[in-house]
Amino acid sequence: MELLAPAGGPEAAYAAFAYGADAVYCGMRQFSARAEAENFDRDELSELVDFAHRSEQPRKVYVTVNTVVLERELPDLLRILDTLAELAVDAVIVQDLGAARLARQHVPSLELHASTQLAIHSAAGARQLGPLGFRRVIPARELGLDEIQAICAVPALDVEVFVHGALCYSYSGLCLLSSHLRGTSGNRGECSYLCRNGLFRAGENGHCAAMSMCDLALPDQLDALRRAGVASLKIEGRKKSPLYVSVVTDYYRRLLDGTLTAADQRELEFGLKTVFSRPWTPLFVERDVQQGLTDTSTVGHRGAPVGTIDSVAPGQPDRLRFHLTEHGIERYDGLQIDLPERERPFGFGIDQLWVKGRPTFEAQRGETVEVALPASHPHLPEGATVYCGSSQAVKRSYHWARPRPGQYRVRLPLAVAVTFAADGLRATGTCQGVTAEVSLAEALSPARTPEGVVRAVETAFGKLGDTEFALASLEVLNPASLFAPASVLNELRRALAERLDEELATAREDRLQRWLSPISFPAATAQEHWSLMTDQPALLAGSWDGLDEIVLDISRAEWVEVEQAVSQLPADQLRLALPALVRQADEAELAQRIQTLRDRGCRRWQVGNLAGLGLLTPHTDLDLVADWPLYALNTPAMQGLDSLGLAAWTLSPEDGCRNLADLLAAAPDRSTVVLYQDTPLAISATCLFASANGFCPGRRNCHAHSQEWTTRTGDRLLAINDRCRSVVLNADPFSLSGHLAELRAAGARRFRIDFLWRDYSLAEAQYVWTELRANHTLPGTHPGNFLRELDHSRQ
């Protein structure tokens with residue numbers, strides 16, 4: 001299996017390769033899901049790709065273009081895709097269906113990998129990727145081994161799984177927590193990591209980091225993953241240090257190679273945990289458990305345990321006394337101690353260290369030590385675990401080198417012809433189908449040795465080291481056997497390189513303009529269309545003024561109620577919706593419902609995930625629309641959905657007014673705007689109730705339904721238990737109330753109002769419906785990013 005390491009910046013990339021990575025993944029300065037990482041510019045990426053490809057054992061470089069993309073950003077996206085193709089990166093990791101479509105259309109040499117942000121949770125979803133041009137999928141981290149194996153069985157599709165690193169609380173690609181609460185979207189690489197913060201449960205005083213996940217670690221599952229057919233093992237950590245990358249890569253490299261003894265493995269694990277670590281979990285790879293998945297009491301780096309506190313001896317300074325039960329330590333190591341009253345550990349460096357009352361530089365496992373405490377230390381209780389959060393020995397053990405500047409660079413093959421004439425020289429260069437020509441006026445005299453002139457030209461045009469070119473061929477046309485000084489030949493080379501740079505830049509922009517042909521979908525009608533989406537069929541008994549369509553979620557509604565709705569409602573008014581999350585365990589019941597309803601003549605469906613298309617296949621006879629989790633944030637994404645057979649799409653509730661206007665101008669008849677909904681801010685396989693309570697009573701004994709929480713900054717959240725999944729909502733619903741006139745002016749004609757997840761009475765729902773249609777402002781709601789835009793931080 002390939003070992004794939006993170007490279008948040010150049011140093012981390014070379015550290016990864018130094019310690020055995022077969023490939024690295026990295027991001028450019030735009031469209032990276034780790035926008036706060038160092039990331040790469042063109043020159044740094046060029047150096048890395050050339051270094052990887054010219055290694056004794058060639059390595060690979062994958063580049064992340066794994067955010068959603070706004071319409072006005074398409075020129076920048078195409079420039080980056082063009083650059084990646086020119087540099088011959090080994091693959092591009094993509095979330096946005098529009099980005100995938102543009103790459104396939106314009107730079108087909110780029111191999112496409114489906115990001116975990118694309119939200120593939122099952123083989124049904126994975127089977128849709130091949131026709132979209134993907135060669136590899138990175139499925140959700142939450143999957144079990146049987147689900148991974150099923151995806152590995154999908155033909156012509158490699159599978160890459162995360163094996164180590166930080167975990168998001170929500171399924172990737174389905175988290176709007178940061179977006180709606182802070183205006184910094186995880187789908188844009190700007191997550192504010194609210195899930196790592198402490199929460200306060202309604203009616204209680206103490207905080208609990210109930211959404212703060214432990215770190216994934218699968219050292220014991222590597223053989224099982226190999227047998228399942230996994231092609232690549234991925235380490236998370238593009239925001240981690242180069243030291244972390246070197247240690248974690250070394251650990252998994254040696255595990256894969258089978259070169260570790262049990263003692264070596266323990267030592268490496270200790271070192272890794274001192275660099276960065278939360279408690280480890282295998283998550284759901286081997287079994288569906290709900291204990292030990294979150295670190296509810298302490299946030300952030302923990303370290304490796306080395307002992308427990310015996311006492312604190314007062315003095316100048318106070319001394320912390322403990323027995324080294326796990327590992328030795330030395331001066332200048334960092335120690336950390338969890339304290340119940342603190343969200344983060346109390347940490348300090350070892351300035352002074354004593355064994356048996358004598359100062360020492362280092363102490364070994366089994367010894368009792370004393371270390372000097374800072375003057376402002378808090379109360380440290382006996383029995384508390386002492387962790388080593390920074391080890392000097394580990395830092396001394398890892399070294400890597402970055403190449404000399406200019407040593408590596410992806411170079412473009414250049415064909416040159418140099419012509420000698422009595423009045424001067426002419427050079428013609430051709431690169432990537434672009435030709436440039438320069439001339440130098442210079443009186444040339446006969447050459448004494450014509451063969452020496454050819455060698456001089458070869459020498460001069462071989463000096464392309466400070467350019468992006470490599471000499472592929474050279475033709476010297478010198479019928480009169482004339483001589484030119486080396487200084488003139490060098491000047492000719494420099495002039496040709498400069499002119500060719502200009503011509504290539506012009507050709508790139510010309511190519512970009514051709515690629516940027518406007519996309520629009522012809523408007524057929526100015527008539528408005530209003531739909532109501534719900535998972536509560538009882539609401540359909542009411543009277544709804546101006547209602548054109550009912551969208552019923554068949555995955556959450558009771559089956560008896562679904563059957564009743566199908567039998568009572570006109571077929572041309574009812575649309576049946578599939579969920580945004582479909583796991584293998586859900587497929588059998590859902591497929592049975594789908595088949596029963598299709599047999600009854602139901603032809604109008606809505607899908608929230610690529611898996612929905614798989615479950616509805618064949619679907620050429622169906623009227624299909626896309627829900628917002630398929631993320632139509634640009635017109636190429638709309639084109640992609642259209643090519644999949646979808647007649648319309650729902651625009652994302654995390655989008656802003658400017659981008660919505662761009663999309664509505666292109667496709668007014670096929671774009672639905674959500675006016676009101678309890679937007680799922682996070683959908684998680686980790687039960688929030690079990691996390692907060694510290695145990696899971698089991699599905700049969702669980703009576704959890706909903707619970708309100710408050711963040712430290714006062715955000716009110718509502719957690720819903722959905723069949724042992726937790727759905728986190730904003731206690732204040734999303735609403736574009738009061739903005740109906742603006743949306744109409746932008747071209748909006750299709751509107752949807754949702755009553756999902758939260759229990760609504762008929763009177764509450766009808767009040768919301770009436771107020772929204774009247775364009776009244778609804779109190780107690782929020783407009784998401786409508787007024788602030790997804791890219792506000794860069795404006």
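Just one of (1) 53, 30, 26; (2) 55, 38, 22; (3) 49, 43, 22 is semi-axes √(5λ) of the Cα gyration tensor in Å as worked out from the coordinates here. Which one is it?
(3)
At a Förster radius of 45 Å, what calculated FRET efficiency corresponds to the Cβ-Cβ distance of PHE200 and LEU762, to the nearest 0.05?
Numbers: r = 33 Å, r/R0 = 0.73.
For R0 = 45 Å, the calculated efficiency reads 0.85.
Quick check: the distance between the Cα centres of region 302-343 and region 571-626, to the nearest angstrom?
57
Excluding residues fewer than 8 places away in the same chain, name every one of the lysines whose C-alpha is closer than 24 Å to that of LYS234.
LYS234 reaches LYS60, LYS273, LYS395.
Leaving out ligands, DNA and RNA but keeping every protein chain, what accessible area does ARG226 have, in Å² rounded to the nearest 10, with a 1.4 Å probe?
Looks like 100 Å² after rounding.
Distance between Cα centroids, region 416-448 to region 81-156: provide it in whole Å.
Region 416-448 and region 81-156 have Cα centres spaced 47 Å from each other.
Rounded if a/c is under 1.5, else prolate if a/b is larger than b/c, else oblate: which is region 209-276, with a ≥ b ≥ c the root eigenvalues of its Cα gyration tensor? Walk me through the intermediate numbers first.
Values: a/c = 1.60, a/b = 1.17, b/c = 1.37.
Oblate shape, in that a/c is at least 1.5 and b/c is the bigger or equal ratio.
Provide the gained length on full extension for the span ARG135 to GLU44, in nm with one decimal, where the gain is 0.36 nm per separating residue minus the Cα-Cα distance. Working shown, then result.
Numbers: separation 91, 0.36 × 91 = 32.76 nm, distance 2.60 nm.
The span from ARG135 to GLU44 would gain 30.2 nm if fully extended.
Roughly how many whole Å is it from the C-alpha centroid of region 664-734 to that of region 473-495?
Using only Cα atoms, the two centres lie 71 Å from each other.
ALA665 versus ALA523, label points 7 Å from Cα toward the beta carbon: distance in nm?
So the label points at ALA665 and ALA523 sit 1.2 nm apart.
For a label point 7 Å from the Cα of THR770 along Cα→C-beta, name the residues of region 535-567 whose backbone N is under 15 Å from it.
542-547
Determine the dipole magnitude for region 542-691: charges of +1 sit on the beta-carbon of Lys and Arg, -1 on that of Asp and Glu, nothing else is charged, the reference point is the Cα centre, and the result goes in debye to the nearest 20.
260
Give me the dipole magnitude in Debye, nearest 20, for the chain about the Cα centre, with unit charges on the beta carbon: positive for Lys and Arg, negative for Asp and Glu.
Details: 79 positive and 100 negative charges, 170 e Å.
About 820 debye.
Given a Förster radius of 30 Å and the C-beta distance between THR449 and GLU498 as r, what FRET efficiency does 1/(1 + (r/R0)^6) yield to the nearest 0.05?
Values: r = 30 Å, r/R0 = 1.01.
Calculated value: 0.50.
State the extension gain, in nm to one decimal, for the chain segment bounded by HIS106 and GLU2, taking 0.36 nm per residue of separation less the distance between their alpha-carbons. Mind dumping the intermediate values first?
Values: separation 104, 0.36 × 104 = 37.44 nm, distance 2.84 nm.
Gain on stretching HIS106 to GLU2: 34.6 nm.
Using the Cβ atoms and a cut-off under 9 Å, what net charge is assigned to the surroundings of MET213, where Lys and Arg are +1 and Asp and Glu are -1? Don't skip to the answer; put the middle values down first.
On the way: positive: ARG196, ARG278; negative: ASP215, ASP295.
Summing Lys/Arg as +1 and Asp/Glu as -1 gives 0.
Rounded to the nearest 5, what % of the DSSP beta bridges within the chain are antiparallel ones? Don't jump to the answer; show the numbers that get you there.
Details: 72 of 140 bridges.
Percentage antiparallel, nearest 5: 50.
Helix-derived [θ] at 222 nm for the chain: sum -39500 (n - 2.57) over DSSP H runs of at least 4, divide by residue count, nearest 500? Write down the numbers at each step before the final one.
Values: 21 runs with 224 residues, N = 795.
The helix contribution divided over the chain gives -8500 deg cm²/dmol.
Could you do me a favour and compute the accessible area per residue for region 644-779, 1.4 Å probe, result in Å²? Intermediate values should be presented prior to the final figure.
Values: 4940 Å² over 136 residues.
Ligands and nucleic acids excluded, the figure is 36 Å² per residue.
Need the full-extension length gain, THR617 to ARG514, defined as separation in residues times 0.36 nm minus the C-alpha distance. One decimal, nm.
Details: separation 103, 0.36 × 103 = 37.08 nm, distance 3.52 nm.
Fully extending the segment from THR617 to ARG514 adds 33.6 nm.
Provide the net charge surrounding PHE786, with neighbours chosen by a C-beta distance below 11 Å and charges set as Lys +1, Arg +1, Asp -1, Glu -1. Write out the running numbers ahead of the final one.
On the way: positive: ARG658, ARG788; negative: GLU654, ASP655, GLU742, GLU789.
Taking every other residue near PHE786 into account, the sum is -2.
Percentage of Cα-Cα pair distances in region 80-225 greater than 24 Å, rounded to whole percent?
44
The values are calculated or read from the model by the stated rules, or taken from the named source; none is laboratory data. Just so you know, these numbers come straight off a predicted model, no measurement behind them. Neighbour counts run over all protein chains shown; Cβ positions are idealised from the backbone, glycine included. Each accessible area value is taken on the protein alone, full model and side chains, heavy atoms only, with ligands, DNA and RNA left out. Shrake-Rupley method; radii C 1.70, N 1.55, O 1.52, S 1.80 Å.
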